[in-house]
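We did not get these values from a lab; they are worked out from the coordinates using the rules stated. None of the values given here were measured: they were computed from a predicted structure. Using ideal geometry, Cβ is built from the backbone for each residue, glycine included, and neighbour counts are taken over all protein chains shown.
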Amino acid sequence: MKLLTSFLVPALTAAHALAAFPFSSVKKETAGFGNIVPNRFIIEVDEPADIPSRRSLDPRTVHETLYDSLRKRGVGFKVDREFNSEGLFIGAAVTLQDAQDAMTVLRMSGLKAIRPVVKIPAPKPVSIHIVTDVNDPAIPADTESTHVMTGVDKLHAQGILGKGVKVGILDTGVDYTNPVLGGGFGPGFKVIGGFDFVGDAYTLDEGSNTPVPDDDPLDQCNGHGTHVSGILGANPGNEFNISGVAYEASINMYRIFGCTGDTTDDVIIDALLRGVSDGNDILTMSLGGSSGWTEDTGSVVSSRIAATGKIVTIATGNDGTKGTFFTSAPATAINAIAVASVDNIVIPLQNVTVHGIQHDPITYFSTFPLPVNGTLPIFATSTDTTVVDDACDPLPDDTPDLSQFVVIVRRGTCTFVQKLTNVAAKGGNISLIYDDGAGFEAIDVGNFTSSLIQGDDGVFLVSEFASGANISLSFPQVGGSTGFPDSTTGGLVSSFSSYGPSNDMFFKPAVAAPGGNILSTFPVPLGSFALESGTSMATPFMAGVSALLFGLKGTSPEVGLGARTLFETTAQRISSNVTDGVPLQSVAVQGAGLVNAFNALTAETIVSPGELLLNDTAHFNGTQKFTVKNNGTAAKKFTVSHIPAGTALSLQPVCITLCEVSMTQKWPQGTPFPEDGPVPLSTQFATVKFSETSFTVHPGQTQEITAHFTPPTGLDPSVLPIFSGFIEIASTTESYQVTYLGLAASLINAQVVDTSDVFFGVDLPVIIDASGNFQNTTTNYTFVGADFPSLLLRLTFGTPELRIDLVDADINFKPTIPTRDIDTRHVFERETFSFPQASGGSFAQVKIAGPLFEADFLPRNSDVDDGTGFEEVTFSGAFFSNGTTIPNGSYRFLLRALKVTGDPVNEADFESWLSPIIGVDSPA
């Protein structure tokens, strides 16, 4: 049995910005490691069928056996939740009176795992706008554009609407009183059932409190779950002309968040298992927390459920700016569909009305109308439409009072604020800046009333002004919204969408769906409708597409088990930007691409598998096979070709001698710091050779193809290049794909522990003393009041195992990370290695006083000071993690972090660090 937990007395907080963090971010207080909830654990027990001679036991007997075993060992505990789903999860969530008892539990037989309870952040859309009415200027003109992007509109036209399919949503609850969501609750309504696991007042932000469950998942105080529900199932025929992807499907809502605040993964497990027992065909979760590992309890249970033929869709996360290897859990579930977000192809912008001459309305780049009343004439600061520095200098003395004009200015040379300041000096307070070819986009105008218009529109206005035409403009405050085609980011992966892959190189995300700027339902007391953005919005869209699939093909396990592959092999590949000739976006963030619901549900050819996992160079799996099955009635001839995607350079480079990169020059070595999103792409691609490049498949027959991959060359492995792409299988009328992903480096070489002084101005790791200062010399601690040490560290990559042990001050050991007060000239090299046991042990033939802390499958830290940037382990008591007292004396902390793919019995696969001397001087 593996212990997936922390052996604790200590505690941890987290926080982050590549430059420096304020030291005030470090709180030096007792808490849980990162998102771990102190003293709370999920214990998974062996199933009755797995226990010799006990096959007749029912799950309840297994639970009583567990509790009796705990009592006999003197473990104080409180049962928070019980899990009784045979084949999926049997166990309990418990609060231990003493966290050190986790080690006692570990020694018990009949257990599969003990994992810490983990806090899951409340879902938080990237943006939100409450819609006022049908004239709200933020509403896109084409509210069904997301259906057009994905072919859902074609399926709706054929009457494929998800009828008969049950979808379980785990979220903040739902306001089913909204008429667009059916206006009621229970049999016969759209929301047919569900459960509230927590109640309105439940929140972890204000300290853990007791959930108050009931049978009614009504939410009229948060809204996230209501918005999610509308994306899946909003009834058409409403005043906003929106409809859910599968609006004839039935919804069960499982409320796992209160009005505000976070939840824990034991609540999620409870809701998942309830969703299965209630007979849902699909379970969907727009939630998660930073992880990168497939081992979280929520991920494990989600994966098991998906393996039974249910479809499970989960949001990948909104941490795209934090770079690769940062997928949220439980989206890391191996068998689930992790969903990325794509920007809507339509931007809701505003129109200005032209008066005095016949002309179409002119679009300006603003979601809301400029607060301008009445109709105003125009004034151009220059009649030269090629001027490069319009209004960059003070306007001429003969410029009239501009307070009653709309001032037209050309973009270029200086900042927009500088131009508008010069206009304001002549009384101008309303301006339109026309583009000079740099692009139609949002611009920074400071506190001025101004916006950008397109170049051709500006040239028209200036030309009319120069001719003396009597032209004026007005800014409609209602009814001026327009759905402007988004030629900049529309159809591209949203900048906020999180990158994969998982730390163990699983394919995350799987596919993408529309998630940017989505209009959907909202609680009636909060406005009834809202525009939101996030992978939270893309995920119910994918659940809706899954419901359409089940509605058409039936809800058999066979259909569910093939769903992800079907969606991946029929998806639409996504470019990295709208410029011609740029590479496709990395599979690490787009997955297999934007879902094409129509192609998926009407496919006559089945390609399998949908994803090829090539792994890293140390475990490279370069020979792969896939099959093409013809389910049609006529023979089909296909050609096979390779379409590479951009190679994502995960880590920031550091130029050693030359910054130019060529095969004859010294390469820039990578830092341990991630490249922030959008992650830069290289056009060094993998090469692929196929056993067949063209073939014919007859009806009912299957063709197997072998692909031989060679990783890209000419790349610096120290920046962890993630290479990826697609194998296209195309006929004259059909096109399918298999998506691949690999790493042109060895993961075991990725640095795990940050040893730099970048973030706190001192080399990490570092001890913080009782006064809140960095400890540089031998320091004694009494462990009375605030007189105890804390260990401040950052992880630059995930680690399967991190542990801290207490060792003698004069330990004969050479760590991999230098420690300032240790003279390494007199430290012997290591020859043997064995792990310490709970009561002590040996490490490189040196006695260990005892263990202090262990945590498994930890994510890396980010470089943002938002709670994910560092870890602080606080040792507030003079106790080992097994509860025994630490004798007074001189010691050091020995920190060890296992590298990804490392062997936990091989000393060389760990990074290690010894602290300065810690004196334990605890009063008797």
Could you go through segment 384-389 in sequence order and give the Karplus-derived ³J(HN,Hα) for each residue, using 6.51 cos²θ - 1.76 cosθ + 1.60 with θ = phi - 60°, rounded to whole Hz, and x for Gly and Pro?
8, 7, 10, 4, 9, 10
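Above 49 angstrom, tally the Cα pairs of the chain and express them as a % of all pairs, no decimals. Present the calculation step by step, with values, prior to reporting the outcome.
Values: 120178 of 426426 pairs.
Pairs farther apart than 49 Å: 28 percent.
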Phi-derived 3J(HN,Hα) across segment 554-564 with the Karplus relation (6.51, -1.76, 1.60, θ = phi - 60°), rounded Hz, x for Gly and Pro, is x, 9, 5, x, 4, 5, x, 5, x, 5, 4
For a label point 7 Å from the Cα of residue 708 along Cα→C-beta, name the residues of segment 602-626 whose backbone N is under 16 Å from it.
621-626
Among the lysines, which fall within straight-line cross-link reach of residue 629, defined as a Cα-Cα distance under 27 Å, with same-chain neighbours fewer than 8 residues apart omitted?
154, 310, 508, 553, 637, 689
Do any GluC sites (Glu not before Pro) in segment 666-710 lie in a DSSP loop with no more than 16 other beta carbon atoms within 10 Å, and if so, which?
692
Where nothing but the Cβ of Lys and Arg (+1) and of Asp and Glu (-1) is charged, how large is the charge dipole of the chain around its Cα centre, in debye to the nearest 20?
2300
Under 5 Å, built H, 5+ apart or other chain: amide partners of residue 753
796
Under 18 Å from the 7 Å Cα→Cβ point of residue 415, by amide nitrogen: which residues of segment 427-444?
433, 442-444
Could you calculate, for segment 604-749, the ratio of the Cα radius of gyration to the Kirkwood radius, expressed as Rg to Rh?
1.09
Stretch residue 357-residue 580 to full length: gain in nm at 0.36 nm per residue minus the Cα-Cα span?
76.5 nm
Short version: ³J(HN,Hα) in whole Hz for each residue of segment 259-270, in order, from phi by Karplus 6.51 cos²θ - 1.76 cosθ + 1.60 (θ = phi - 60°), x for Gly and Pro, what are they?
4, 9, x, 9, 9, 10, 6, 5, 5, 5, 4, 4
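What FRET efficiency do you get for residue 730 and residue 701 if R0 is 25 Å and r is their Cβ-Cβ distance, rounded to the nearest 0.05? Kindly include the intermediate steps, with their values, before the conclusion.
Numbers: r = 18 Å, r/R0 = 0.72.
The computed FRET efficiency comes out at 0.90.
Among 400-408, 617-625, how do they line up by average Cβ neighbours within 10 Å per residue, starting with the highest?
Peptide ranking by packing, descending: 400-408, 617-625.
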